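The values are calculated or read from the model by the stated rules, or taken from the named source; none is laboratory data. Please read all numbers here as calculations on a predicted model, not as lab measurements. Reconstructed Cβ throughout: ideal geometry from the backbone, glycine too, with neighbour counts over all protein chains shown. Please note that ligands, DNA and RNA were not included when accessible areas were found on the heavy atoms of the full protein model with its side chains. Shrake-Rupley method; radii C 1.70, N 1.55, O 1.52, S 1.80 Å.
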Amino acid sequence: MQAIRSILVVLEPDRPEGLALKRAKLIAGVTQSHLHLLICDRKGDHADYLSDLADSLKAEGYSVTTQQGWLDNLHQTIIAAQQAEGCGLVIKQHVPDNPLKKAILTPDDWKLLRYCPGPVLMVKTDKPWSGGNILAAVDVGNSDGEHRTLHATIVSHGYEIASLAHGTLHVISAHPSPMLSAADPTFQLKETIEARYRDECRAFQAEYDVSDERLHIEEGPADVLIPFVAHKLEAAVTVIGTVARSGLSGALIGNTAEVVLDTLESDVLVLKPEAIIAHLEELVAQR
């Protein structure tokens, strides 16, 4: 987070609470990041609104630029601005779609998470981050190089948010149920599975001072356990990662992040490995 120099803030004038901007100001206040304010609208003229808002923020000491634009759809408009301005973080307020609509159409926020070449913070609540619990969700059962790097990125960002907010970092990893037929004896007993997963976490536990009490190794599906533990901890932010699905053209987000986006009661920071970010940047450049 400290390395972020510019933040893209997606503004929605019809949502007067301005949750995305509140989070952006909090982060920029610590990182001294520039704020680029974007309204995605092809019809109305928001020039006066943007000008007044920019003047107010500049008077508070923030570096600010503004933009109103529209391409083919919402997520492409946001991604084009993120690439053009070189923003290291996109912040947008998330409002769950109608379940019926979601069953028919892929939600805009899912598309943004899938295709944005960079971290996306989905703001869901005005709950203060200060002094709160931050939950980093990792999948240590996948220990290939790409996943290991992603785990380190997730825990690192969780630690930085916890430091920024003077909060406490917790880490969760879901593990599968025991299978007596498993070829590896480790996966035949719950105790040995949990021990294996805890061993996988030792390195980042030591680096980021995550005690055993703040490491939650739980049995069950990640898309159920992550919201459950976040609710139990009253987490202010949940940090989750995404990796590409093999066999598909283009890098797509893992199902877990999409499913938990609506069920989580916290803000959600979604991260991607560098290889996926580079691939998505190539796709944007080809448009």
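For ASP72, are the conditions met, namely being free of Cβ contacts under 8 Å to residues at least 24 places away in the same chain, over 18 Å from LYS22 (Cβ atoms) and in a loop (DSSP other than H, G, I, E, B)? Criteria met by ASP72. Residues in the range 203-213 that are in a helix (DSSP H, G or I) and either open to solvent by less than 100 Å² (accessible area, probe 1.4 Å) or among the aliphatic types (A, V, I, L, M) (or both): ALA203, PHE204, GLN205, ALA206, TYR208, ASP212. Within the range 8-26, being touching a Leu at 6+ places or on another chain (Cβ under 6 Å) and closer than 18 Å to ALA236 by Cβ holds for one residue alone: ALA24. Are any of the residues in the range 224-238 modelled with pLDDT under 90, crowded, with 19+ Cβ neighbours inside 10 Å and not in a helix (DSSP H, G or I)? Checked the range 224-238: no residue is modelled with pLDDT under 90, crowded, with 19+ Cβ neighbours inside 10 Å and not in a helix (DSSP H, G or I). The set of residues in the range 69-82 being open to solvent by less than 60 Å² (accessible area, probe 1.4 Å) and not small (Gly, Ala, Ser) consists of ASN73, LEU74, HIS75, GLN76, THR77, ILE78, ILE79, GLN82. A count restricted to the range 13-33 and to residues that are in contact (Cβ under 8 Å) with a residue 40 or more places away in the chain and surrounded by fewer than 18 Cβ atoms within 10 Å (Cβ to Cβ) stands at 5. Picking from residues in the range 205-223 that are among the small types (Gly, Ala, Ser) and without any contact (Cβ under 8 Å) to a residue 60 or more places away in the chain, the one that is nearest to LEU169 (Cα to Cα) is SER211.
Considering the range 34-67 alone, what residues qualify as being closer than 22 Å to ASP109 by Cβ, in a loop (DSSP other than H, G, I, E, B) and open to solvent by less than 60 Å² (accessible area, probe 1.4 Å)? Residues satisfying the conditions are ASP41, GLY44, HIS46.
Do we have LEU8 as touching an Asp or Glu at 6+ places or on another chain (Cβ under 8 Å), open to solvent by less than 30 Å² (accessible area, probe 1.4 Å) and not β-branched (Val, Ile, Thr) here? Criteria met by LEU8.
Looking only at the range 257-275, residues that are crowded, with 19+ Cβ neighbours inside 10 Å and either more than 24 Å from ASP97 (Cβ to Cβ) or polar (S, T, N, Q) (or both) come to 2 in all.
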